Amino acid sequence: MEKYELGLNKKSFSLFYNGGEVWCEHLDSLYGEKELLKQKFKRDLIEISRPSTSSFLAVVLDDSEVDKEILEWIVDCIVMLKKPMRKVVFVGLDLKMKNYIKKKKADISFMMTCIDDLEKAKEWLIS
C-alpha cells in the first residue's frame, strides 16, 4: 500500500463542536500527490456547497505537500462557491504558505487564518 492511500481514504465530514457545526476537510497525508489532492477536494466541494453544510470550514493539510499553486487553487475554489463561507482555517501549513494566506485574506469576503492545532482551529471557527 502506498503511503498516500491512507490520506486518500480519509473522509471529510461535518462535526458538531461547542454548539456549532464545522466541516472538516481532510486533505492531509497525501504527501506529493497533488492531482489526487485536487480530485479529492473537487469531490468534496459538492458536499461543501450544499446549503445544509456548515459555512465554517477547517482544511487539514498535514503531511501533504502544498505549494502556492495548490493553495491558491483551494482558496479560489472556496471563493467561487455559490454558498457564502463565514470562516475558513487551514491546519498544517508551513511558514511560507501561512504568509501566503495572510496576504491572500485581504482579497476575500470571509475570515481566513492558519492554526496548527485542529482543536484550536475548531474553537476559532465557532467563536
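Overview of results
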item	result
Prolate/oblate/rounded label for region 79-127 (Cα gyration tensor, a/c 1.5)	oblate
Karplus-derived 3J(HN,Hα), 6.51/-1.76/1.60, for each residue of region 112-117, Hz, glycine and proline x	8, 8, 10, 9, 7, 9
Whole-Hz ³J(HN,Hα) from phi, Karplus 6.51 cos²θ - 1.76 cosθ + 1.60, for region 19-34, glycine and proline x	x, x, 10, 10, 8, 9, 8, 8, 10, 8, 6, 9, 6, x, 7, 5
Electrostatic dipole magnitude of the chain [Cβ: Lys, Arg +1; Asp, Glu -1; Cα centre; debye, to 20]	580 debye
Space enclosed by the convex hull of the alpha-carbon atoms of the chain, per residue, Å³	99 Å³
Average accessible area per residue (Å²) across the chain - probe 1.4 Å, nucleic acids and ligands excluded	56 Å²
Unit charges at the beta carbon, dipole of the chain: most positive-side option, 12, 79, 22	79
Accessible area of the chain belonging to carbon and sulfur atoms, whole % at 1.4 Å probe	51 percent
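The values are calculated or read from the model by the stated rules, or taken from the named source; none is laboratory data. From a predicted model like this one, the values you see are computed outputs, not experimental measurements. Glycine also receives a Cβ, built like all others from the backbone with ideal geometry; neighbour counts cover every protein chain displayed. Only protein heavy atoms, including side chains, enter the accessible area calculation; ligands, DNA and RNA are left aside. Shrake-Rupley method; radii C 1.70, N 1.55, O 1.52, S 1.80 Å.
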